[in-house]
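Quick notes on the structure that follows.
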Amino acid sequence: MAVTEFPKTLREFGYDFDADGKLRKLDQSTGLTTREGFEFNVSEDLQYNQKRYEALGEVLNEYVYGLLEKEGLKRLPVPKDGSSDTILKSFVFCSDGALENDKLIIIIHGSGVVRAGQWARRLIINDNLQSGTQIPYIKKSHELGYGVLVLNTNDNQRIVAGKPKKIPGSEDPCRHLDTVWNDYVRPSKVKHIAIVAHSYGGVCVMKFVNFSLFPSIPKNLILHTNSNRIVTVLQAMKNVNEFTKRIFAVALTDSVHSLPAKGTDHIVKVSRNWVASNNPLDTPELSLSGDVDRVSSGHNTHEMSSWACIESLFKFLEDRYRTVSARTDL
C-alpha cells in the first residue's frame, strides 16, 4: 500500500491563521483567508482523516516554533553537551539573557502530542492561537521583566534507520525537565525562578523535587543501598535544596499531580493550582489535605485553564516575587 504524503506547510494544506489567530481555510483563487474553519472529515476514509489531522499537527509544531522565535526565543540543545549527533538531541527555547537575568519563568506543557509553545493542539486548530499556545504567557513574562525558558518535554525520540530511538536525557517528560535544569538552570545566575506547568507538567515538577525521599531520609540510608539508589537520593536532596532557595512560585493549571503526605511544606507554600471549574475565576476549590491550594481557572474545560486564568496567575507570581525579593535569605 502506498504511503500517503501530506503537505509540509499550512498554506499547502489550504489553511492559514487570520488576524485574530484563528485557523481559516484559504480561498483557492485569491489565497486569502476565508471565514471557514478547519474541516476534519474530507474523506469517507476515517483513517485518512485522522492521519491528515496528525500531519497538520506536525506542521503546527513547526509553525509555533516559528512564533517562539519571533518572540526572540532561541533553541538550546538538550542535552547541552555529550554526543555530537544532533539527530539524537531535543531542544528548548530560551530568551536572550534569560539565564543571567534576576528572575526566570520556566513554562511546561502537558502530556501528549503538544510540543514547546503549545497548551493544546485542539485549541490551536479549533479556537485560536491565543488560547492554544503559550505566546500570551511569553509576552506577559517579557513585559514583567522575566527571562523565559520554554520546555519541550514530549520531544522524547527520533526515528533512526526506520526505528524509534530514545533521546538521551530526554527519554520522558520528567527526565527532560531534570536534564534542562542540570544543564542550563542550575549553573545559571538566576536567583528567582517561577514555574508555570499545565496538566502533566505538574507531575514533572513534583517528581523533580522528589519530596517522597526528602527531607525524611534516614541518615544511614546511603550505607545500606545500591549505587543507583545513592544517586537518586543525592539528586533528590540537591533538587529540594535548590527548590527552597531559588523557586519562589509554582503556578499550575489543572495539574494532575499528587503529593506524598509529608515533606511538602515548601511546595504547598509557594504553589497554586487553577483547575477546570464552573465557578468564577479564583473561587476556592476543594483541596485534599496537604495538597496545594486549588482555585477555579474560570473555565470548565481542562485545555482552556491556562488561557482563562492568565491574569490571575501572573498576579500570583508578582505577589510571590515581591515577597521573596524583599528578603535577603533567598
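Per-residue answers, yes or no, for (1) of a type outside the set (D, E, K, R); (2) outside any helix (DSSP H, G or I); (3) touching a helix residue (DSSP H, G or I) at 6+ places or on another chain (Cβ under 7 Å); (4) surrounded by fewer than 11 Cβ atoms within 10 Å (Cβ to Cβ):
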position	(1), (2), (3), (4)
Gly21	yes, yes, yes, no
Arg24	no, yes, no, no
Asn49	yes, no, no, no
Ala55	yes, no, no, no
Glu58	no, no, no, no
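What about Thr4, is it touching a Phe, Trp or Tyr at 6+ places or on another chain (Cβ under 8 Å) and buried (at least 17 other Cβ atoms within 10 Å of the Cβ)? First the steps, then the outcome.
Numbers: touching a Phe, Trp or Tyr at 6+ places or on another chain (Cβ under 8 Å): yes; buried (at least 17 other Cβ atoms within 10 Å of the Cβ): no.
So Thr4 fails the test.
Could you pull out every one of the strands (runs of 3 or more DSSP E) wholly within region 122-211 that has 3 or more residues that are in contact with a helix residue (DSSP H, G or I) (Cβ under 8 Å, 6 or more places away or on another chain), within 19 Å of Ser297 (Cβ to Cβ) and at pLDDT 95 or above? Give the derivation first.
Working: elements: 147-150, 157-160, 163-166, 192-198.
Those strands (runs of 3 or more DSSP E) span 192-198.
Looking at region 248-297 only, could you name the residues that are in a loop (DSSP other than H, G, I, E, B) and free of Cβ contacts under 8 Å to residues at least 24 places away in the same chain? Outline the logic, then answer.
Here is the first cut: in region 248-297, the residues in a loop (DSSP other than H, G, I, E, B) are 254-264, 276-283, 286-292, 297.
Those that are in a loop (DSSP other than H, G, I, E, B) and free of Cβ contacts under 8 Å to residues at least 24 places away in the same chain: Ser277, Asn278, Asn279, Pro280, Thr283, Leu286, Ser287, Leu288, Ser289.
Restricting attention to region 102-117, which residues are within 21 Å of Leu317 (Cβ to Cβ) and either surrounded by fewer than 24 Cβ atoms within 10 Å (Cβ to Cβ) or not small (Gly, Ala, Ser) (or both)? Break it down stepwise before answering.
Filtering region 102-117 for residues within 21 Å of Leu317 (Cβ to Cβ) gives 102-110, 116-117.
Of everything in region 102-117, those that are within 21 Å of Leu317 (Cβ to Cβ) and either surrounded by fewer than 24 Cβ atoms within 10 Å (Cβ to Cβ) or not small (Gly, Ala, Ser) (or both) turn out to be Asp102, Lys103, Leu104, Ile105, Ile106, Ile107, Ile108, His109.
From Glu36, Glu12, grab the single residue that is part of a helix (DSSP H, G or I) and either under 18 Å from Val113 (Cα atoms) or not β-branched (Val, Ile, Thr) (or both). Give the steps one after another, and end with the answer.
Working: Glu36 fails: part of a helix (DSSP H, G or I).
So the residue among Glu36, Glu12 that is part of a helix (DSSP H, G or I) and either under 18 Å from Val113 (Cα atoms) or not β-branched (Val, Ile, Thr) (or both) is Glu12.
(1) modelled with pLDDT of 85 or more; (2) touching a His at 6+ places or on another chain (Cβ under 9 Å): which one isn't true of Thr244, the others all being true?
For Thr244, the failing item is (1).
The values are calculated or read from the model by the stated rules, or taken from the named source; none is laboratory data. All values derive from a computational prediction rather than experimental measurement. Ideal geometry is used to build each Cβ from the backbone, glycine not excepted, and the neighbour counts take in all protein chains shown.
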